[in-house]
Every structure is written in C-alpha cells, then in structure tokens.
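Here the structure comes first, spelled out in structure tokens, and everything after it is commentary.
The values are calculated or read from the model by the stated rules, or taken from the named source; none is laboratory data. The structure presented is a predicted model; accordingly, all values stated were derived computationally and were not measured. So basically every Cβ, Gly included, is an ideal-geometry build from the backbone, and we count neighbours across all protein chains shown. Each accessible area value is taken on the protein alone, full model and side chains, heavy atoms only, with ligands, DNA and RNA left out. Shrake-Rupley method; radii C 1.70, N 1.55, O 1.52, S 1.80 Å.
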Amino acid sequence: MPHSRRTFSSFLVALSLGGQAATPTASAGTAPKTNLASKTAVVHHRFADVDGQKIFYREAGSRSAPHILLLHGFPTSSHMYRNLIPLLADRYHVIAPDLPGFGFSDAPDRKQYAYTFDNIAKTMGKFTEVVGLTSYAVQVFDYGAPIGLRLALANPERITALISQNGNAYEEGLGTDWNPIQTYWKEPTAANREPLRDFLKPGTIKNYQYLNGAADKTRVAPEAYTLDSALLARPGNEEIQLDLFLDYASNVALYPQFQAYFRAKRPPTLAVWGQHDPLFIPAGAQAFKRDNPAAEVHMLDAGHFALETHVQEVAVLIREFLARKLPKK
C-alpha cells in the first residue's frame, strides 16, 4: 500500500529547523469496529534470574490459561504493552519481559555480555523456561520479531501462534530510512557509526519513533517516550544500542530461514500493522501471506507504535484471532 514518508535524514533537518515530521494521510485500516469493554487486571511486576541476570517482566492472567509472550522492540520496553495486557488477561496468561539492556532488566557491560540478537534470543529462550512457558503464542514488535522468530526456529513445537505488530521478516518490509544503518552494515567504521547516534536522541525518539505517522498525536502518552529516553541514557547504553544496530544485519541474513519456517510449520499468523511506519513498511506485513497464505493481515491508520493510539483495535483483533486459532483447553 503506497504511502508518503519523509526520509530520516530530511526528518532530522526539519527537527533542527524546529519543524514537525510530516504525517502521511491515508484511509483508515481494515480493523473491525472496537467493541471491547474496558477491562482491568492485576498486573504483577517481577524479576527472573536468568544466568545471573535480572530480567524484568510484567505478568497478568491465570497461569492455567493459554500463554502469550509479548516481545518489545527498540527503543522501548515491556512498558509499551502496559495498556494491552489488561485487555488480554481475562482470557490469557500474559508475560511481557524487558530484553537485556532495555527497560528495567539488567544491562551488563558489553565486555561481559555480547549484545547480539543471537545472544539475546538465547537469554529469552532461557527466560521462557525459568517462568514456565512450555507452549505459547508470541507477539513480536520491531526487535522482538527476530528474537521471537529465533525462539520459533529453535523450538517450533512451542509456538501456538504468531502475532506481528510491525515485526518484520522480509527485506521488502525495510523502508528507505534503514539506509544509514545498512551503510554501517556494509562498512562498520567509526565514521558510519557516529551518525546513528541521532536515532538515540530524545527528540528523535519522541518525534520520529512515536509521533511520526500517528493520526492523533494527543493519544500518545508522553511518559512512553520520556521513559525510553531516560533508560537509554544510562551509562554505556548508547554503545549497546549501536552494537545492536550493527548486528541487525544478522536478522536480515536469517530472513530466508524465518520464511522457510512459515512455509513448513504454518503457524497461525496475525499481522497488525501501523501503515505509516517509516521503518517497517506495509509490504512487510503483506509478505507474510506469500509464505503462509492463511496469514491474516490488518492495516491500521497508525505509525510505528500503533499500541499508543490503537490498543483497543489491536486487542479486538488478537482476541478474535486467538479464540479461533488456539486449541481449546
């Protein structure tokens, strides 16, 4: 689905001049009308010990219910799921961890812990065992996609369903705003690393990651991007994030394996996409149907952080999808 996007470089120029990022206009997404009543749930905030690391996670719902693992992305944490968890917890056991180096989980020094997607996926795999998830639906967003899909490759029998909210597995899903990071992949020099620090600036996180593409910016909670920036500002964290920018190339290299998994295992798949996301563009959502024709794809009139503005719509889609796809207990 075509949509207008401002490149990241021109976006930064606009910011430096005090301008606003352009927000594309598009028709509303294909999500059904929201009819989910307001729900509340007791959400527990816990830490799990995983190989000596403290991994923070949010947990709600009965542990006897079907499990859902929610994996966040850059630059956020499990905080991004704070409004979704109560809308699912009456039916499902929901767990949302913070990845190492993010949120309230430990952020070991780079000399003690390799910040690669392979290594983070191994930590998250052990986390699922520590908290007792033997089978689960996995919801992935941004960085959560290559991590969750690595978990699926390692133990496909544990995955009951896949929900992707702007979680990419296809090269055509990478927007042109990836160009400066792709340049760093090809030539990992200090000169190519330095400009990527702009992605970590508070103004960029607020205006580019959160507000860009949001049809109603007043629905984006300021504590979301403020918390992200505060946690990314911890000593040493900037270099951790730059290491992950470089290692994202390993995810693209695994795309063919992810796609082979979709074809071979045909996990029940729901893609819910903020169609104005300049990083993970709508072509990445539609591509799921190529390898798994039964995949269900819904576009929302939202940006990268669709849950900030469309959490009710997303919750309705997830509940209806899982009610049809998960085995009845």
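Please report the equivalent ellipsoid semi-axes of segment 91-181, computed as sqrt(5 x eigenvalue) of the Cα gyration tensor, largest first, in whole Å.
So the three semi-axes of segment 91-181 are 22, 19, 12 Å.
Length gain on complete extension for the stretch N83 to A65, per 0.36 nm per residue less the alpha carbon to alpha carbon distance?
Separation in residues times 0.36 nm, less the Cα-Cα distance, equals 4.5 nm.
Quick one: net charge of M299's neighbours, Cβ under 14 Å, K/R +1, D/E -1?
-3
Which semi-axes, in whole Å and largest first, does the equivalent ellipsoid of segment 245-329 have when worked out from the alpha carbon gyration tensor as the square roots of 5 times its eigenvalues?
With the √(5λ) rule applied to segment 245-329, the semi-axes are 22, 20, 11 Å.
Label D90 and S250 with points 7 Å out from Cα along Cα→Cβ: what is the distance between them in nm?
Calculated label separation equals 4.2 nm.
Please list the non-local residues whose amide H lies under 5 Å from the amide H of E296, H modeled 1.01 Å from N, same-chain partners needing a gap of 5 or more.
For E296, whose amide H was placed from the backbone, the distant partners under 5 Å are T269, L270, A271.
Once you keep just the Cα pairs under 8 angstrom separated by 6 or more residues, what percentage relative contact order results for the chain?
Relative contact order here is 23 percent.
Counting only pairs 8 or more places apart or on different chains, how many lysine pairs in segment 88-211 have C-alpha atoms closer than 25 Å?
Final tally of qualifying lysine pairs is 5.
Counting Lys and Arg as +1 and Asp and Glu as -1, each charge on the Cβ, what is the dipole of the chain about the Cα centre in debye, to the nearest 20?
940 debye
Based on the Cα atoms of the chain, what semi-axes does the equivalent ellipsoid have, where each is the square root of 5 times one gyration tensor eigenvalue, given in whole Å with the largest first?
Computed over the chain, the values are 27, 23, 20 Å.
Please sort by residue number the trypsin sites (Lys or Arg not before Pro) in segment 92-187 whose DSSP state is loop and whose Cβ has at most 12 other Cβ atoms within 10 Å.
Passing both the DSSP loop test and the Cβ count: K111.
Extent of segment 145-211 along each principal axis, from alpha carbon coordinates, in Å, largest to smallest?
The Cα atoms of segment 145-211 stretch 43, 31, 20 Å along their principal axes.
What FRET efficiency comes out for D49 versus Q112 if R0 is 22 angstrom and r is the Cβ-Cβ distance? Round to the nearest 0.05.
0.90
So, with a 1.4 angstrom probe, what is the percent of accessible area on segment 85-208 that is carbon and sulfur?
50 percent
Divide by every residue of the chain the summed helix terms, -39500 (n - 2.57) for each DSSP H run of at least 4, and state the resulting mean residue ellipticity at 222 nm, rounded to the nearest 500 deg cm²/dmol.
Theoretical 222 nm ellipticity from helices: -11000 deg cm²/dmol.
If you average the sequence gap of Cα pairs under 8 Å that are 6 or more apart and divide by the length of segment 211-329, what percent do you get for the contact order?
Relative contact order for segment 211-329 comes out at 31 percent.
Relative contact order for segment 103-201: what percent, with Cα pairs under 8 Å and sequence separation of 6 or more?
The value is 22 percent.
Along its three principal axes, how long is segment 89-244 when you only count alpha carbons? Whole Å, largest extent first please.
44, 41, 34
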